[in-house]
Amino acid sequence: MKIKTLLAASLVFFKAGILSAADCAPARVLYDKGGFAEAEKILLAIPGTLDLPCLKLLAESQLAQGRLKEAAVSFGKVSKSANQDKDSLRNLARLYSWTNRFSESVAAYDAVISLDPADFSSAVEKARVLGWDKRYIEASLAYKTAFEISKQAWIEEERLGKENMWSRRPATGLRHLEKAAELNDGDTEVLFDLAQFYSGSGEYERARSYYDRLLKTAPYHTAAIRSAGKNSVNLDKFRLFTGADLWDAHSSERMTDVRRLNYFAALSKRLDRRFMLTGTGSAGRYSFKGAPSLDERGGGLALDYSGGFECGAGVSYAKKAYVQNVSSRESYSVYGWKKALENLSISAAAGKENLLNNYANVKESRDNSYRNLRADWDANRFMLAGADWRGGKINDGNKFEMYGADARLMYYEEPAAFYSILRYEKRRYNRHSGYYFAPKDYNTYSFTQVFKKNIGEEGLYYGAADTYYEFKCAIAYDESAYLSFHPSLVLYKDFSTCLNLKAGWSLTASHYYRDNYYFLHAGWMF
């Protein structure tokens, strides 16, 4: 994971090597007192071309302020002025990596290594940058080279940990990364990897111990400070999730005629390191052609258990009432999942869902009771596959079964993810219905292409302000012998660690069915 240490790992690089020239002596005094911006201002005001000591001080001052792009330019000038300057090149390599200029960073590290082939620390840093750039084979070779030079056991453990993580083998990867952290307390890369992984899998307390160790070693590690802040927010604060959804669907062949506008709010709080309690409230309005509108009010509770990346479970209950003279409805669910093997997850669920697709189903309180089973297999970082079964019955006595299988083929990973999903599904009902689509035997084949682009300037580490858009386009062929199309677009923006906004639209279009779905959701932690 990317390390953006702005002071601890960087400010000391040139301190000993700066020769105080008369012109930049005042700037040096300000710099030593922590006046980085003032020092930079004086240096930029010096007429003519800065000599090498002043240029180095300018680069340091910009770096100390966290202005990485400007510092990279200045360090580049230093490396050109001071030919064969190992420290200048290494700092330039680091700055390039922190500003996502990975290829240039690798080239600068190669220059450092050519000057000092015995410098295994630069070889390790190069391996990490290659990993951040998704050049995994080259990264593994660079790690092996660093180990051959140094014979440091922690380097080999870091390599094995990284390789297993890249291959979606987290349990094995974690064992090696934790061993590397045990062998080298100063391995900030591994400490950050462990902290981020546990944060991302919901083990916030476990992550906190690694953030504490990391920040004790590198107190100015900017990315770690942000990540630790987000970890604390997720662990300690309330979560408010609110927004609105609009579903507009029509099909005479599928017995669908509804326009549903719904507003909701959900408030969550962690009870301890494993359990989270959520309360929900909603208000909606159903509009139908040729039938009166219905106004709905609802509320519910949910309790979720998190076992990190190994297991999870939860239960929920909700009830809806109507302003008009229509009976109230309830829904509930229970679910659980477990990693049966390191790359195989099994999940199961059961519950009751309300049918919402037309006036008759809402008025007469039709619902279905269901049971789900699913298995997901992570073959490698390029392919994931899964299979599922769903069975149950409508409360009018009509039983149903559905079988499905899918595969995800990953071509490019984030920040510009590009992948395909292939799926087959078979549905079977005991009898036809005049109130909902209930085929005897119905096969569907679909192909979905997905592109997700992260455009946040801070990168992809846990805690970085995230901004992305995701576009999907699915094509499905079924027993109707016609194609249907399903484009969708999602936009997401983090405004701060505690505030985010998400908006989206999707369309289903065929000769027999059409629906539009829109949503706008906001999340706030306090």
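The values are calculated or read from the model by the stated rules, or taken from the named source; none is laboratory data. Keep in mind the model is a prediction, meaning the values are calculated, not measured. Neighbour counts are summed over all protein chains in view; Cβ atoms, including those assigned to glycine, are modelled from backbone coordinates with ideal geometry.
Taking the stretch 484-526 on its own, how many of its residues are among the aliphatic types (A, V, I, L, M) and closer than 20 Å to Lys452 by Cβ? First the steps, then the outcome.
Quick first cut of the stretch 484-526, residues among the aliphatic types (A, V, I, L, M) only: 489-491, 499, 501, 503, 507, 509, 520, 522, 525.
Restricting the remaining residues to those that are closer than 20 Å to Lys452 by Cβ gives 489-491, 501, 503, 507, 520.
The qualifying residues number 7.
Considering the stretch 244-263 alone, what residues qualify as being part of a strand (DSSP E or B), surrounded by fewer than 17 Cβ atoms within 10 Å (Cβ to Cβ) and either among the aromatic types (Phe, Trp, Tyr) or out of contact with any strand residue (DSSP E or B) (no Cβ under 8 Å at 6 or more places or on another chain) (or both)?
Correct list: Tyr263 only.
All but one of (1) outside any strand (DSSP E or B); (2) over 23 Å from Tyr517 (Cβ atoms); (3) over 22 Å from the mean Cα position of the chain (by Cα); (4) in contact (Cβ under 8 Å) with a residue 12 or more places away in the chain hold for Asn380, so report the exception by its number.
Condition (3) is where Asn380 drops out.
Residue by residue, here is whether (1) more than 30 Å from Gln324 (Cα to Cα); (2) surrounded by 15 or more Cβ atoms within 10 Å (Cβ to Cβ); (3) not polar (S, T, N, Q) holds:
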position: Met383; (1), (2), (3): yes, no, yes
position: Phe400; (1), (2), (3): yes, yes, yes
position: Glu425; (1), (2), (3): yes, yes, yes
position: Phe437; (1), (2), (3): no, yes, yes
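Test Ala348 against the criterion of being surrounded by fewer than 17 Cβ atoms within 10 Å (Cβ to Cβ), more than 30 Å from Arg285 (Cβ to Cβ), over 22 Å from the mean Cα position of the chain (by Cα) and among the hydrophobic types (A, V, I, L, M, F, W, C), and give yes or no. Break it down into steps so the answer makes sense when it comes.
Working: surrounded by fewer than 17 Cβ atoms within 10 Å (Cβ to Cβ): yes; more than 30 Å from Arg285 (Cβ to Cβ): yes; over 22 Å from the mean Cα position of the chain (by Cα): yes; among the hydrophobic types (A, V, I, L, M, F, W, C): yes.
Criteria met by Ala348.
Any residue that is in contact (Cβ under 8 Å) with a residue 24 or more places away in the chain and over 29 Å from Met383 (Cα atoms) - is there at least one of those in the stretch 153-171?
Yes - at least one qualifying residue is present in the stretch 153-171.
Can you go through Arg423, Arg427, Arg408, Arg431 and tell me which one is assigned by TED's automatic domain parsing to the domain that holds Ala481, out of contact with any Cys (no Cβ under 8 Å at 6 or more places or on another chain) and in a loop (DSSP other than H, G, I, E, B)?
Only one candidate qualifies: Arg431.
Out of Leu194, Leu174, I need the residue that is under 29 Å from Glu104 (Cβ atoms), among the aliphatic types (A, V, I, L, M) and assigned to a helix (DSSP H, G or I). Which one?
Of Leu194, Leu174, the one residue that is under 29 Å from Glu104 (Cβ atoms), among the aliphatic types (A, V, I, L, M) and assigned to a helix (DSSP H, G or I) is Leu194.
If Thr242 satisfies every condition in (1) over 24 Å from the mean Cα position of the chain (by Cα); (2) modelled with pLDDT of 95 or more; (3) among the β-branched types (Val, Ile, Thr) but one, which is the exception?
Of (1) over 24 Å from the mean Cα position of the chain (by Cα); (2) modelled with pLDDT of 95 or more; (3) among the β-branched types (Val, Ile, Thr), only one is false for Thr242: (1).
Any residue in the stretch 297-325 that is assigned by TED's automatic domain parsing to the domain that holds Lys339 sitting within a Cβ distance under 6 Å of a residue that is among the basic types (Lys, Arg)? List the pairs, counting only those 6 or more apart or interchain.
Here the result reads Gly298/Lys320; Tyr305/Arg274; Ser306/Arg274; Glu310/Lys339; Cys311/Lys338; Lys320/Arg329; Ala321/Arg297, each pair linking the stretch 297-325 to a residue that is among the basic types (Lys, Arg).
Would you tally the residues in the stretch 5-51 being under 30 Å from Leu214 (Cβ atoms), at pLDDT 75 or above and surrounded by 19 or more Cβ atoms within 10 Å (Cβ to Cβ)?
4
Just name the residue that is modelled with the lowest pLDDT out of those in the stretch 279-310 that are closer than 24 Å to Met255 by Cα and not in a strand (DSSP E or B).
Applying the filter and picking the extreme gives Gly290.
So is Ala218 at pLDDT below 95, over 23 Å from the mean Cα position of the chain (by Cα) and not aromatic (Phe, Trp, Tyr) or not?
yes
Report the residue count in the stretch 197-225 for those that are within 19 Å of Gly161 (Cβ to Cβ) and in a helix (DSSP H, G or I).
Result for the stretch 197-225: 14.
Report, by residue number, each residue of the stretch 112-126 that is surrounded by 18 or more Cβ atoms within 10 Å (Cβ to Cβ) and of a type outside the set (Phe, Trp, Tyr).
Across the stretch 112-126, the qualifying residues are Val112, Ile113, Asp119, Ser122, Ala123, Val124, Glu125, Lys126.
If you scan the stretch 439-453, which residues turn out to be modelled with pLDDT of 95 or more and touching a Phe, Trp or Tyr at 6+ places or on another chain (Cβ under 7 Å)?
Scanning the stretch 439-453 gives Tyr445, Val450, Phe451, Lys452, Lys453.
Here is a yes/no grid of residues against (1) at pLDDT below 95; (2) closer than 22 Å to Pro170 by Cβ; (3) in contact with a Ser or Thr (Cβ under 7 Å, 6 or more places away or on another chain):
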{"position": "Leu344", "(1), (2), (3)": "no, yes, no"}
{"position": "Val362", "(1), (2), (3)": "yes, no, no"}
{"position": "Arg374", "(1), (2), (3)": "no, yes, yes"}
{"position": "Trp377", "(1), (2), (3)": "no, yes, no"}
{"position": "Glu401", "(1), (2), (3)": "no, no, no"}
